[in-house]
1. As an exercise: evaluate A:Gln56 against (1) farther than 22 Å from A:Gly98 by Cα; (2) under 16 Å from the mean Cα position of the chain (by Cα) and give the number of the one condition it does not meet.
2. Can you name the residue in the range A:54-113 that is crowded, with 17+ Cβ neighbours inside 10 Å and of a type in the set (Asp, Glu) and, of all such residues, is farthest from the other protein chains (Cβ to nearest Cβ)?
3. Among the residues in the range A:76-85, are any among the hydrophobic types (A, V, I, L, M, F, W, C), under 14 Å from A:Phe103 (Cβ atoms) and touching a Pro at 6+ places or on another chain (Cβ under 9 Å)?
4. Take A:Tyr33 and decide whether it is within 11 Å of another protein chain (Cβ to nearest Cβ) and in contact (Cβ under 8 Å) with a residue 24 or more places away in the chain.
5. Restricting to the range B:59-99, count the residues that are acidic (Asp, Glu) and under 13 Å from B:Leu112 (Cα atoms).
6. When you look at B:Lys97, is it touching a residue at least 60 places away in the same chain (Cβ under 8 Å) and basic (Lys, Arg), yes or no?
7. Quick check on this structure: which one of B:Gln41, B:Gln37, B:Gln6 is on the phi < 0 side of the Ramachandran plot and open to solvent by 70 Å² or more (accessible area, probe 1.4 Å)?
8. Here are B:Ile46, B:Ile12, B:Ile63: which of them is of a type in the set (Val, Ile, Thr) and part of a loop (DSSP other than H, G, I, E, B)?
Amino acid sequence: AQTVTQSQPEMSVQEAETVTLSCTYDTSESDYYLFWYKQPPSRQMILVIRQEAYKQQNATENRFSVNFQKAAKSFSLKISDSQLGDAAMYFCAYEAAGNKLTFGGGTRVLVKP
Amino acid sequence: SAVISQKPSRDICQRGTSLTIQCQVDSQVTMMFWYRQQPGQSLTLIATANQGSEATYESGFVIDKFPISRPNLTFSTLTVSNMSPEDSSIYLCSVSKEALNTEAFFGQGTRLTVV
């Protein structure tokens with residue numbers, strides 16, 4: 001079974017600074033997809049960024065970028081120029097066949113003004 | 001994109017009773033899922049709601065406890081049966097428009113408290 005691990009329960013960052021969230025996963029599949037979701041206090045899950053495993057190029061979405069290391073099964077998220085609205089829980093997720101998502105335990109991001 | 005309406009948004013229920021949660025999508029979707037998020041925890045998949053047939057349950061979840069219906073491509077219900085305080089969680093509906101590698105859209109969840 002696939003597992004997703006986020007080793008940082010909480011991360012704090014100063015506004016306008018950069019923070020990196022860690023994620024590792026375990027799978028025997030060669031074709032899969034990885035996601036970072038954000039969950040603010042409203043509970044709404046919002047897709048931040050996604051990465052196809054067959055692509056070597058790291059995904060980027062405005063201030064959000066990933067460092068995807070397939071051999072190491074690592075998928076970290078970098079938030080640049082942090083804003084107060086970035087404060088939320090961030091979940092790393094793995095998807096293989098069937099669209100079923102396996103989520104990591106989450107990392108709470110606190111943004112200090 | 002897909003807009004999901006999940007009802008109720010929250011409820012407080014007595015133990016031993018059942019609650020049915022509805023998930024309505026504004027367009028036809030291929031895949032519909034139900035997740036549970038226990039307090040302070042991550043999301044765990046309960047089951048895949050299959051149109052016109054029985055849901056596919058993940059390990060640790062059974063139909064008698066979490067019956068699911070999906071009568072069409074835009075609607076599904078999850079019932080939490082014979083509730084106990086351990087069922088207090090957020091229950092989220094999720095949909096995907098295609099199979100594999102598409103964005104999963106989530107409802108805002110139902111916060112259930114069992115007393």
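The values are calculated or read from the model by the stated rules, or taken from the named source; none is laboratory data. What you see is a predicted model, and the numbers here were worked out from it, not measured in a lab. All Cβ positions, even for glycine, are placed from backbone atoms using ideal geometry, and neighbour counts span all protein chains on display. When the accessible area is computed, the model is the full protein with side chains, heavy atoms only, and any ligands, DNA or RNA have been set aside. Shrake-Rupley method; radii C 1.70, N 1.55, O 1.52, S 1.80 Å.
1. Result: A:Gln56 fails condition (2) only.
2. So the residue we want is A:Asp86.
3. Checking the range A:76-85: not a single residue is among the hydrophobic types (A, V, I, L, M, F, W, C), under 14 Å from A:Phe103 (Cβ atoms) and touching a Pro at 6+ places or on another chain (Cβ under 9 Å).
4. Numbers: within 11 Å of another protein chain (Cβ to nearest Cβ): yes; in contact (Cβ under 8 Å) with a residue 24 or more places away in the chain: yes.
Yes; evaluated as a whole, the condition is true for this residue.
5. In the first step, residues of the range B:59-99 are kept if they are acidic (Asp, Glu); the result is B:64, B:86-87, B:98.
If we keep only those that are under 13 Å from B:Leu112 (Cα atoms) as well, we get B:86-87.
Total satisfying the criteria: 2.
6. Numbers: touching a residue at least 60 places away in the same chain (Cβ under 8 Å): yes; basic (Lys, Arg): yes.
Yes, satisfied.
7. Working: B:Gln37 fails: open to solvent by 70 Å² or more (accessible area, probe 1.4 Å); B:Gln6 fails: open to solvent by 70 Å² or more (accessible area, probe 1.4 Å).
B:Gln41 is the lone residue from the list that is on the phi < 0 side of the Ramachandran plot and open to solvent by 70 Å² or more (accessible area, probe 1.4 Å).
8. Details: B:Ile46 fails: part of a loop (DSSP other than H, G, I, E, B); B:Ile12 fails: part of a loop (DSSP other than H, G, I, E, B).
Exactly one residue qualifies, and that residue is B:Ile63.
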